[in-house]
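One structure is given below, encoded as C-alpha cells.
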Amino acid sequence: MTIVQILIVAAAALFWGLVMRERGRVYFLLIASTLVIFWLQPSLPLRGFDFWIPVATLIITVFSWHITAAEESRREKKNWITAGILACTILLLNLTRFLPFVSLLTPSRPPQIEITIAILFVAGLTLSALSRLTKFSASFWRSPLWVTAGLLLTIGLFLLIKIPDLSYWLVYFLRSLTGQDVFSSRITDFRWLGFSYVAFRIIHTLRDRQMGRLPAVDLAEYVTYVIFYPAFTAGPIDRIERFIKDLRKPSALGNDELLIASQRFMLGLFKKFVVADALALIALNETNALQVKSVGWMWIVLYAYAFQIYFDFSGYTDIALGIARLLGINLPENFASPYLKPNLTQFWNNWHMTLTQWFRAYFFNPVTRWLRSWEKPLPAPAMIALTQVATMLLIGFWHGVTWNFTLWGLWHGLGLFIHNRWGDMTKVRAGEWAVTPFRKSLLNAVGVVVTFHFVSLGWIFFALSSTSTSMQVFLKLFGLR
C-alpha cells in the first residue's frame, strides 16, 4: 500500500468511528473491505484478471462460509441480503468501465459486464443448489468430506500460486484463454493480492469446523473477517472467535481510544515510510549483493536489511492495528521486540506472532500428538527435530516455494532444534553460573547478540532469489571470497 492509500482508508475509518459509529457498521466494513480488495489489487498484463481475482476471492469466501456455517446460520434471510450487497458492489464496480475517465477503484478498465453477470449468476445458482441440498439431505451435507474437500482445494490453489513452475503454466493457460501471446508468459503476470492471508483464515475456519469449535456467524460477519481491509495485505492473522466478539461489541471510540489508535497509526507510518524506506537504500538486495566487495560493508548491508524488514513489517502491523482500533476492532499484536530476545525460540514467539501461533495450532501441535500416539514413538530428539524442521519449512513455503525459502526454513528449523538440545544440556550449568544479576545480564546479552546474528544470516536466503548469490554473500561476510 502507498502512503496515499493508507491515509485514505484511515480517514474512512476515522469518519465512520466518529460520525456514523454503530449505524450499519457490519455492512460498512463489508462494503469497504470489498472495495479495498479491488482497489489494492495490482494491475496485471492478463486481460481482465486484476478484476477477476478480487471476484474470485469473494466467491471462494462465500462458499467457504457455506461449508463451515451451522445449519441454522445458513437459513437466516439476512445472508441473502449480504450476498446481494456483494453482487451489487461487484456490478457497480464493473459499470465504471463506461465512465469517460479512468476508474479510481479498479487497477484497469473492468471487463465486459455480461461476463460478470454470467459468473455471478452461476455462482448464485450453485449456492442456491447447495442450500436446497442442505434442506433435502442435511446428513449428507454435514459430512466431513465437504470440509476436507474445501481444505484440499484451498491448499491446492495456494500451491498453484506459490510454486513458480505451476504459476508459469497457469499464466500460460490464462493467456491462451484470453487470446494473448502465450510466449510472453511470466510468473509475475499473476499476482493474487492477499491470498496468503485469506487462505490461512479460511483454513482456520475449515479446521475449526472439523473440530466442532467454530462459532456461529452469518455471511456478512464471515466475509468481513476474511477480507477485513486493515489486515488484508499484511496481517495479523486473527482468529474468528476473537474477531467476532469485537465486531459485535466494538470498543467505543472515545478520546482515550482515539489517542491510542492515532499514536499506533503514526508510529507505523514512521517505521514504514521513514525508517524502513531509508534503510532500503543500503539494505541487502540482488544488486549490491554482487557489487559489495569488503567484509565490513557486506555486514552493514546485511544489518540494514535485518532492520529494514523488521521496521517495514512491524510498521504495516502498527498501521493495521491503528486503523482497526478506529473501527472498534482490537487486532492481536504481531511483534514484541523480537531482536531483543536471547534465543531463537523466544524470537519466534515474538516475530510475526500470529503466524507462529497459527502453525503451532494447526500443524506443530497436531503432528506432535500424532507422533506421540504411535505404538512405538520416535525418540524425543528425533520427534523434536522432525516437527520443528517441518514447521519452519512450511513457514518458508508460505512465503514462496523456492530453493531459497526452503533453505531459510531449514536454517531456522535446524537452529530451533540445536537451541532446544543445547538448552537442555546447559540449563543446569547456566543456572549455577548465572547467580548474580550481572552474570544473568551478561548471559542474556550474549544470547541476544548470537540470536540476532543467526537470524540476520538467515535473512540472506530471504532477501535474495538465487542460492548461488546467497552463498557468495555468506563467503564475503567471512572474508572467504
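One line per residue, one yes/no per condition, for (1) of a type in the set (A, V, I, L, M, F, W, C); (2) over 26 Å from the mean Cα position of the chain (by Cα); (3) part of a loop (DSSP other than H, G, I, E, B); (4) modelled with pLDDT under 95:
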position: VAL389; (1), (2), (3), (4): yes, no, no, no
position: GLY415; (1), (2), (3), (4): no, no, no, no
position: SER441; (1), (2), (3), (4): no, yes, no, yes
position: VAL448; (1), (2), (3), (4): yes, yes, no, no
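Checking each residue of the range 373-382 against the condition of being over 28 Å from ILE163 (Cα atoms), part of a loop (DSSP other than H, G, I, E, B), of a type in the set (Ser, Thr, Tyr) and not assigned by TED's automatic domain parsing to the domain that holds PRO164 gives at least one match.
For the list (1) crowded, with 20+ Cβ neighbours inside 10 Å; (2) under 28 Å from ASN444 (Cβ atoms), I need the number of the one condition that ASN350 fails. Status for ASN350: all satisfied but (1). The residue that is farthest from PRO42 (Cα to Cα), among those in the range 90-116 that are touching a Leu at 6+ places or on another chain (Cβ under 7 Å), in contact (Cβ under 8 Å) with a residue 24 or more places away in the chain and not in a loop (DSSP other than H, G, I, E, B), is THR116.
Hey, can you tell me all the residues within the range 323-344 that are assigned to a loop (DSSP other than H, G, I, E, B), within 30 Å of HIS412 (Cα to Cα) and not charged (D, E, K, R)? Before you say what the answer is, go through the steps one by one.
Step one: list which residues in the range 323-344 are assigned to a loop (DSSP other than H, G, I, E, B), which gives 327-337, 341-343.
So of that shortlist, the ones also within 30 Å of HIS412 (Cα to Cα) come out as 331-337, 341-343.
Within the range 323-344, LEU331, PRO332, ASN334, PHE335, ALA336, SER337, PRO342, ASN343 qualify.
When SER465 is tested against the conditions (1) among the hydroxyl-bearing types (Ser, Thr, Tyr); (2) part of a helix (DSSP H, G or I); (3) touching a residue at least 40 places away in the same chain (Cβ under 8 Å), the lone failure is (2). Exactly one residue out of ILE81, ILE60, ILE90 is more than 28 Å from the chain's Cα centre (by Cα) and not hydroxyl-bearing (Ser, Thr, Tyr), and it is ILE81.
Screening TRP169, TRP141 for residues that are at pLDDT 90 or above and either surrounded by 13 or more Cβ atoms within 10 Å (Cβ to Cβ) or touching a strand residue (DSSP E or B) at 6+ places or on another chain (Cβ under 9 Å) (or both) leaves exactly one candidate, TRP169. The numbered conditions (1) at pLDDT 90 or above; (2) surrounded by 13 or more Cβ atoms within 10 Å (Cβ to Cβ) are all true for LEU130 except (1). For TRP39, the conditions (1) part of a helix (DSSP H, G or I); (2) without any contact (Cβ under 8 Å) to a residue 40 or more places away in the chain all hold with the exception of (2).
So for the range 401-411 (the condition being buried (at least 18 other Cβ atoms within 10 Å of the Cβ) and under 13 Å from LEU344 (Cβ atoms)), does at least one residue qualify? For the range 401-411, residues buried (at least 18 other Cβ atoms within 10 Å of the Cβ) and under 13 Å from LEU344 (Cβ atoms): present. For the structure I just gave you, tell me whether ALA306 is within 20 Å of HIS399 (Cα to Cα), in contact (Cβ under 8 Å) with a residue 60 or more places away in the chain and in a helix (DSSP H, G or I). The answer is yes for ALA306.
Just to be sure, is ILE319 in contact with a Gly (Cβ under 7 Å, 6 or more places away or on another chain), touching a residue at least 40 places away in the same chain (Cβ under 8 Å), more than 30 Å from LEU480 (Cβ to Cβ) and part of a helix (DSSP H, G or I)? Step through it out loud before you land on a result.
On the way: in contact with a Gly (Cβ under 7 Å, 6 or more places away or on another chain): yes; touching a residue at least 40 places away in the same chain (Cβ under 8 Å): yes; more than 30 Å from LEU480 (Cβ to Cβ): yes; part of a helix (DSSP H, G or I): yes.
Yes, satisfied.
Within the range 456-481, being over 14 Å from PHE405 (Cα atoms) and touching a Leu at 6+ places or on another chain (Cβ under 8 Å) holds for SER456, GLN472, VAL473, PHE474, LEU477, ARG481. Consider PHE313 carefully, then state whether it is aromatic (Phe, Trp, Tyr) and farther than 26 Å from SER466 by Cβ. Here the answer is no, as PHE313 does not meet what is asked.
Here the range 419-442 is the region considered, the condition is being surrounded by 14 or more Cβ atoms within 10 Å (Cβ to Cβ) and among the aliphatic types (A, V, I, L, M), and the residue that is nearest to VAL389 (Cα to Cα) is ALA430. In the range 186-211, the qualifying residues are those that are assigned to a loop (DSSP other than H, G, I, E, B) and crowded, with 19+ Cβ neighbours inside 10 Å, and the one that is nearest to the chain's Cα centre (by Cα) is GLY194. Do we find that LYS376 is surrounded by 19 or more Cβ atoms within 10 Å (Cβ to Cβ) and not small (Gly, Ala, Ser) in this structure? Criteria not met by LYS376.
The values are calculated or read from the model by the stated rules, or taken from the named source; none is laboratory data. Keep in mind that this is a model prediction, so the values were computed, not measured. Don't worry about glycine lacking a Cβ; one is built from the backbone with ideal geometry, like all the others, and counts go over all protein chains shown.
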